[in-house]
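Below is one structure, written out as structure tokens; the observations come after it.
The values are calculated or read from the model by the stated rules, or taken from the named source; none is laboratory data. All values derive from a computational prediction rather than experimental measurement. Cβ placement follows ideal geometry from the backbone for every residue including glycine, while neighbour counts extend to all protein chains displayed. The protein model used for the area step is the full one, side chains on, heavy atoms only, and it has no ligands, DNA or RNA in it. Shrake-Rupley method; radii C 1.70, N 1.55, O 1.52, S 1.80 Å.
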Amino acid sequence: MADLSRRSLLRGMGGIGATGTLAALTGCGVPPAYVKAADRGTPDRSAQDRSLVFANWPLYIDVDDHDKQRRPTLDTFRRRTGISVSYTEEINDNDEFFGKISPALMNHTRTGRDLIVISDWMCARFVRLGWVQEMDRAAQPHVARHLDPLLRSPHFDPGRTHSVPWQSGITGIAYNRRKLGREIRHTADLWKDDLRGRVTLLSGLDESFAMLLQGDGVDITRWTADDFHRMTDRIHGLVRKGHIRRFTGNDYIKDLDSGDVLAAQAYSGDVIQLQADNPDIEFVVPQEGAELWAESLMIPNLADHKRNAERLIDYYYQPEVAAALAAWVNYVCPVPAAREILASAKDKERAALAEDPLIFPDGAMRERLAIARDITAKER
């Protein structure tokens, strides 16, 4: 249930709240929001204070089967390095968290956090505002060696100098093949008559538009306003005709499970859980492609323990550690080398994860995945 519970928190208005917060703050006499590179750091206390504060989403890390307060991978990090981690599950929504820490960042004061995890579309805003620090890749050899090539250079952060994926995933199509009675291979298959009123799309702008554009033949790494409006006009027509049942958050899961909906735009991590209860549910990356997204680690400005945070990030890019995390959260693992670790596991269920394309996409699937260029503030 980790996937279902956590992703259900990722709803909202696609960044409108965050943009509104920023506008309100800048309209109240707060100094300009952008922070120059020279003003982002502070004397690092990592050597004398072997600790760090790590803010993450709920249910997004491994926990001990017998003691839910223990997190085995973090415990191992502390034993190996002597660095203690204050781990908080305080991020329930990208916009909400933006509102929580943006006043400190705008006023060039500490956030009280050394490491945060936010969705890449929100990471784009932090990079654009100069609110996060560039990482020292020389201190992160495992990141340099093992980060999935597909995730290495998103539009908002070329070379991943300011961000490192925590976990990744795919926005594709989930459908009930037995009840539908046919396969879905293309995005256009959603618009056939037998799915009238039985298909849903995601309501979040950043989660929904990329796959729809790809279905329209658009290269999402360089989409234009004309591409976007042409696609939305087409979707509007399908809404008017009653073809699209509704736009959803994670409640598409209930609709698919009950059979009220036969096909839905969906997250890969959710479908792993759905398939465990209903083997008729399938997940497909359309032939035209689907978006590969990530939620990424970032070090906020004026973090007191930057080097400790960089060490923790690099630790999670060791294949055996990445494998332990992937086995728990069941998202697309950003460390392909972790696949061999899981494949060699004595436990059959754990070993089977190595063959799951929703955790380790195969070659054919990888060719159809892309990271969309981010939506600019003006476009939003």
If the convex hull of the alpha-carbon atoms of the chain is projected onto planes in all directions, what is the mean projected area in square nanometres? 19.0
Could you work out how far the C-alpha centroid of the range 98-126 sits from that of the range 146-176, in angstrom? 20
Over the range 274-374, what number does the Rg to Rh ratio reach, with both radii from the alpha-carbon atoms and Rh per Kirkwood? 1.03
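Between ARG234 and ALA377, 0.36 nm times their residue separation minus their Cα-Cα distance comes to what?
Working: separation 143, 0.36 × 143 = 51.48 nm, distance 2.40 nm.
Contour length minus Cα-Cα distance gives 49.1 nm.
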Under the Karplus curve 6.51 cos²θ - 1.76 cosθ + 1.60, θ = phi - 60°, whole-Hz ³J(HN,Hα) for the range 309-318, x wherever Gly or Pro sits: 5, 5, 5, 5, 4, 5, 4, 6, 9, 6
Length gained, ASP260-ASP277, 0.36 nm per residue minus C-alpha separation, equals 4.5 nm
Using R₀ = 25 Å, calculate the FRET efficiency as 1/(1 + (r/R₀)^6) where r is the Cβ-Cβ separation of TYR34 and ALA139; round to 0.05. 0.40
Given 0.36 nm per residue, what is the gain on full extension from GLU340 to GLU96 after removing their alpha carbon distance, in nm? 84.1 nm
Accessible area of the chain divided out per residue, in Å², using a probe of 1.4 angstrom: 42
Two pseudo-spin positions, 7 Å from Cα along C-beta at ARG152 and at ALA188, lie apart in nanometres by 3.5
Would you mind telling me which residue in ALA326, ALA343, ALA370 has the biggest mean-square fluctuation in a Gaussian network model of the chain, where springs connect alpha carbons within a distance under 10 angstrom? ALA343
Enumerate the aspartates and glutamates that LYS68 could reach by cross-link, defined here as Cα to Cα under 17 Å, with residues fewer than 8 away along the same chain left out. ASP3, GLU89, GLU90
Phi-derived 3J(HN,Hα) across the range 91-108 with the Karplus relation (6.51, -1.76, 1.60, θ = phi - 60°), rounded Hz, x for Gly and Pro, is 9, 9, 6, 4, 5, 4, 5, 4, x, 6, 9, 5, x, 5, 5, 5, 8, 6
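Could you give the dipole magnitude of the chain about its Cα centre, charging the beta-carbon of Lys and Arg +1 and that of Asp and Glu -1, in debye to the nearest 20?
The dipole of the chain has a size of about 500 debye.
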Between their Cα atoms, which of LYS306/LYS348; LYS179/LYS241; LYS179/LYS346; LYS192/LYS378 are more than 28 Å away from each other? LYS306/LYS348; LYS179/LYS346; LYS192/LYS378
Note, ³J(HN,Hα) from phi for the range 206-217, Karplus 6.51, -1.76, 1.60, rounded to Hz, x at Gly and Pro: 5, 7, 9, 6, 4, 4, 5, 5, 4, x, 9, x
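Restricting things to alpha carbons, find the Rg to Rh ratio for the range 169-292 using the Kirkwood radius for Rh.
Computed over Cα atoms, the ratio is 0.94.
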